1. Specify the angular offset, from 0 to 90 degrees and rounded to the nearest 10, of the alpha carbon long axis of helix B:111-124 from the longest principal axis of the alpha carbons in chain B.
2. Expressed as a rounded percentage, what relative contact order does chain B have, with Cα pairs under 8 Å and six or more residues apart?
3. Hey, which of these cross-link pairs are over 30 Å Cα-Cα: A:K69/A:K169; A:K48/A:K169; B:K52/B:K87; A:K39/A:K134?
4. In debye, nearest 20, what is the charge dipole magnitude of the stretch A:11-72 about its Cα centre with +1 on Lys and Arg Cβ and -1 on Asp and Glu Cβ, if you could check?
5. What is the mean number of Cβ atoms from other protein chains located within 10 Å of the Cβ atom of each residue in peptide A:69-75, rounded to a whole number?
6. What order do you get for A:S140, B:S57, B:S51, A:S33 when you list them from fewest to most C-beta neighbours inside 10 Å?
7. Using Cβ counts within 10 Å as a stand-in for footprinting exposure, how do A:I40, B:I78 rank, fewest first?
8. Which order, highest average first, do A:121-134, A:89-102, A:43-56, B:63-76 follow once you tally other Cβ atoms within 10 Å for each residue and take the mean per peptide?
Amino acid sequence: MVKGEKNNMKLEDGVVCLKLSQKMDELGIKGESNFYWVKINDVTDGNKEKWIVTLDIWSSQEIPHEHYKAYSVAELGEMLPRRLDEYADLICEKRKDEMTVYYGGNDGCGEILRCLTEAETEADARAKMLILLKIDKYTSDSKNKWWCKGDNYLDIKLYEEDGGLTNDKKELLKIVMQYVEDGGGDCKIDEVAIEQNIQNLIDDIEVLAIRIESGEFYEEPNDEFC
Amino acid sequence: MNFENQVVNLELSLRIEELGFDKESAWWWNGTKWGIGGQIVGLEPMKWILSKRIKGSAIENIPAYTVTELGEMLPIGIVMTKYEFNKGGEIRWACAYNDENIGNRICDDTLANCLARMLIWLRGKKII
């Protein structure tokens with residue numbers, strides 16, 4: 001075995017997962033990519049439908065199958081803004097079990113964390129950040145509402161967009177989202193340990209809303225820092 | 001984005017190989033001194049092509065690591081950021097290891113080369 005050949009890495013491991021690629025496409029996020037997720041019928045496996053990652057070999061003609069751009073880490077790095085404002089720079093960090101992407105920094109009074117996404121792979125963490133910035137446009141006017149927005153916030157927003165909520169849940173969701181935007185942030189939602197998956201999060205919105213309304217988590221994050 | 005900018009450049013890839021890293025790679029720098037039709041190019045410099053691994057007795061293969069692959073080779077605590085070089089609008093990448101002051105750490109034009117330099121630096125410090 002030669003150097004570098006051990007456990008040859010699959011293309012899939014270095015690009016955004018299919019689900020997030022589809023979501024990026026649906027939201028109209030556009031960038032250059034050298035790779036595609038392409039749906040094929042695998043003739044070696046009973047003609048089963050499969051999604052594979054391929055190089056952009058059809059650049060001059062129509063791709064003959066359903067496909068989505070499969071952005072790599074480097075490509076996503078080009079697409080993400082360098083900073084949201086003068087205090088919040090793009091930071092990517094390798095942690096123990098996941099990759100973290102966030103916009104943060106120090107405004108002279110303390111640490112600022114505008115938003116944060118995490119995933120097992122760096123590509124997915126970056127893709128989630130791009131999606132978050134797409135569905136919730138950051139502007140200087142909305143700056144104060146950007147405090148620790150994260151994966152839970154993103155999951156709820158996407159679930160809401162997909163029409164997965166009943167009307168009563170929507171009302172409860174408003175309370176939760178208001179709380180997040182008022183500065184409670186994603187960290188507080190994490191504290192009630194409901195971030196494991198979207199269904200739990202939606203199921204627990206009622207409990208969370210009651211606890212938020214009771215003032216259990218209320219705090220003024222800005223007072224704490226400036 | 002050029003595909004070549006998504007992997008470590010040849011110069012740094014050669015350094016990484018010299019340092020004995022033995023890690024999976026999807027892409028390779030394939031070098032040869034043989035021309036088309038099997039003619040030897042002689043004392044000409046090696047010709048290098050970035051692609052999947054091309055096998056052959058006269059071909060030298062050097063792993064061309066991607067950002068994802070480098071991320072797996074680097075230790076926990078690596079932090080990366082983008083910055084504007086010299087306020088001239090040129091965007092570069094910086095990375096650091098267990099250090100919040102990332103502006104003063106290893107920098108390069110591409111993220112892959114930046115991480116490659118970090119890998120080499122950490123090996124030099126015997127951290128990995």
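1. Once rounded, the angle reads 80 degrees.
2. Normalised by residue count, the contact order of chain B is 26 percent.
3. Values: A:K69/A:K169 34 Å; A:K48/A:K169 38 Å; B:K52/B:K87 38 Å; A:K39/A:K134 26 Å.
From A:K69/A:K169; A:K48/A:K169; B:K52/B:K87; A:K39/A:K134, over 30 Å: A:K69/A:K169; A:K48/A:K169; B:K52/B:K87.
4. Working: 7 positive and 11 negative charges, 30 e Å.
It comes to approximately 140 debye.
5. Details: counts 0, 0, 1, 8, 11, 12, 5.
What the average comes to for A:69-75 is 5.
6. Details: A:S140 9, B:S57 5, B:S51 12, A:S33 21.
Ascending Cβ contact count within 10 Å gives the list B:S57, A:S140, B:S51, A:S33.
7. Final ranking by Cβ density, sparse to dense: A:I40, B:I78.
8. Result, highest mean first: A:121-134, B:63-76, A:89-102, A:43-56.
None of the figures in this text is laboratory data; all of them are computed from the coordinates on show. Because the structure is a prediction, the values reported are computed rather than measured. All Cβ positions, even for glycine, are placed from backbone atoms using ideal geometry, and neighbour counts span all protein chains on display.
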